[in-house]
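Down below is the structure, laid out as structure tokens.
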């Protein structure tokens, strides 16, 4: 097992698949769906879905945005991505690490057997 500390803003995970100590990773940067902020780097649901096709099955998915309905609730509204949710359901990652929704930092959920963690800015250790 590899022990890995995930920190917010990991530049290596922007939009690529890579291997680290025998574990497969895939990164998706950007806010999905687009935010109302003009300074934010965002992707449409369609752009995100296209990029997520490259995620290997069973990889660790590091996504800036959470999936719809899983660590994404703010004031009773789910702000996560439908495309990220559908990719998780299809690709069944070993683990999903996200951020973006500050109010949900530290929250965890599961989609099927896949753990989903909103890591937040402090980072955290995971055995994979």
Query raised in the report: Does residue 32 satisfy being at pLDDT below 95 and over 15 Å from the mean Cα position of the chain (by Cα)?
Result: no
Report task. Say whether the condition of being modelled with pLDDT of 90 or more, under 19 Å from residue 104 (Cβ atoms), within 12 Å of the chain's Cα centre (by Cα) and buried (at least 22 other Cβ atoms within 10 Å of the Cβ) is met by at least one residue in the stretch 75-82. Result -> yes
Query raised in the report: What residue, among those in the stretch 41-68 that are in contact (Cβ under 8 Å) with a residue 40 or more places away in the chain and outside any strand (DSSP E or B), is nearest to residue 18 (Cα to Cα)?
Result: 59
Query raised in the report: What's the number of the condition residue 35 fails, among (1) touching a strand residue (DSSP E or B) at 6+ places or on another chain (Cβ under 9 Å); (2) touching a residue at least 12 places away in the same chain (Cβ under 8 Å)?
Result: (2)
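The values are calculated or read from the model by the stated rules, or taken from the named source; none is laboratory data. If you're wondering where the values come from, they're calculated on a predicted model, not measured in any experiment. Counting neighbours? That spans all protein chains shown, and the Cβs are built from the backbone with ideal geometry, glycine included.
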